[in-house]
1. Scanning for something at pLDDT 70 or above, on the phi < 0 side of the Ramachandran plot, assigned to a helix (DSSP H, G or I) and surrounded by 15 or more Cβ atoms within 10 Å (Cβ to Cβ), does the stretch 250-272 turn up at least one residue?
2. In the list 28, 21, 67, which residue meets the criterion of being at pLDDT below 80, more than 28 Å from residue 110 (Cα to Cα) and either of a type outside the set (A, V, I, L, M, F, W, C) or part of a helix (DSSP H, G or I) (or both)?
3. Out of curiosity, is residue 146 of a type in the set (Phe, Trp, Tyr), modelled with pLDDT of 65 or more, more than 18 Å from residue 32 (Cβ to Cβ) and surrounded by 16 or more Cβ atoms within 10 Å (Cβ to Cβ)?
Amino acid sequence: PSVNDVIKKNQELTRDLGKFKAFCEEKKKKTERFRSLNERVNNEIIRLQKEQQSLHSEEEELKAKLKGKNIAVNDIKGMRTKHEADEQKCADLMAHLEDHRQLYSQKVEILNKLKEKVRKEVDEFNSRARKLFSYGPHSQDISIAYNPNGTTVEEMTSININETIIPKLENLEQEANDEFANVTAETQMLRESLEISRTTTDQSRSDLILMQKDYDLRKKKYEEAHQKFMQENEQFNTMVDKRERAVEEERSEARGSVIQAKQRIFAQEKQLKEMNRTFQQEREALEQQVTKYITQVDENQHKLISSTENLLKVALSQNAQLE
């Protein structure tokens, strides 16, 4: 990954941390609302159960009095009237209770759905937490154990979000920013080193091009001189052949000319050998200089590649830790 990838990854982590903080705060508020709703429903059920129990007790008392037949007619009429009123009241209360039961069932269903949603969101948090804290120097387990029977945030979660998770996320965000700043500084140093190495390499390349041009020029001059010598030598050989044929005819008169011609051939061969030796020495010197420059360029490039690979390894390691 390049430096831009590291920057982009850090920005994504920063955004995810901000979203996760908002996510935790929202879930805390929802849990508080669920707890309040659950308490109101439970209180209503308790009140209705008490009313039902009271009506049941009155009904039993009435049945006991009628069974004993120790009640006057007026009392019976009054009790009947009261019983009918109580029955109507009981019917009204039962209807009211049924309405509350239906409302309670609806609220319980809504509450169960909301609890399931909270459970899924806790699972999502645990998945993200494992990605952030399962590797590297920050490796630790901050997963939340969800308790669906809890009535408060502390009871529903095994970790206090505000006291444990939020500070750890803020600390992780600060460490990520510090590590990113260090990577940025090291990258700047590497860029400066690369620029210096690039300048040195460009100069070496320029020197190498000049040396190659000088070598090509010397080679061209040698080839031209060699070609000229071969032409002159061919002409001279032709002349010698003619001379030798003439010498055959005039051996006694031209012996001195033949000797001079051979001496000239020897001198030209010696000159050619000297030219070859000089050219060979110059070529070897140029090849040594070229080899030296190429070696220096290779060493500079090797050092540059090694420094780049080391920095990339550090960046990849830090990137893996951030992920």
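1. Initially, the stretch 250-272 is screened for residues at pLDDT 70 or above, giving 259-260, 262-272.
Within this subset, residues satisfying the condition of being on the phi < 0 side of the Ramachandran plot are 259-260, 262-272.
If we keep only those that are assigned to a helix (DSSP H, G or I) too, we end up with 259-260, 262-272.
Pick out the ones that are also surrounded by 15 or more Cβ atoms within 10 Å (Cβ to Cβ) and you get 272.
Checking the stretch 250-272: at least one residue is at pLDDT 70 or above, on the phi < 0 side of the Ramachandran plot, assigned to a helix (DSSP H, G or I) and surrounded by 15 or more Cβ atoms within 10 Å (Cβ to Cβ).
2. Values: 28 fails: more than 28 Å from residue 110 (Cα to Cα); 21 fails: more than 28 Å from residue 110 (Cα to Cα).
The match here is 67.
3. The answer is no for residue 146.
The values are calculated or read from the model by the stated rules, or taken from the named source; none is laboratory data. Just so we're clear, the structure is a prediction, and the values are computed from it rather than from any experiment. Neighbour counts are summed over all protein chains in view; Cβ atoms, including those assigned to glycine, are modelled from backbone coordinates with ideal geometry.
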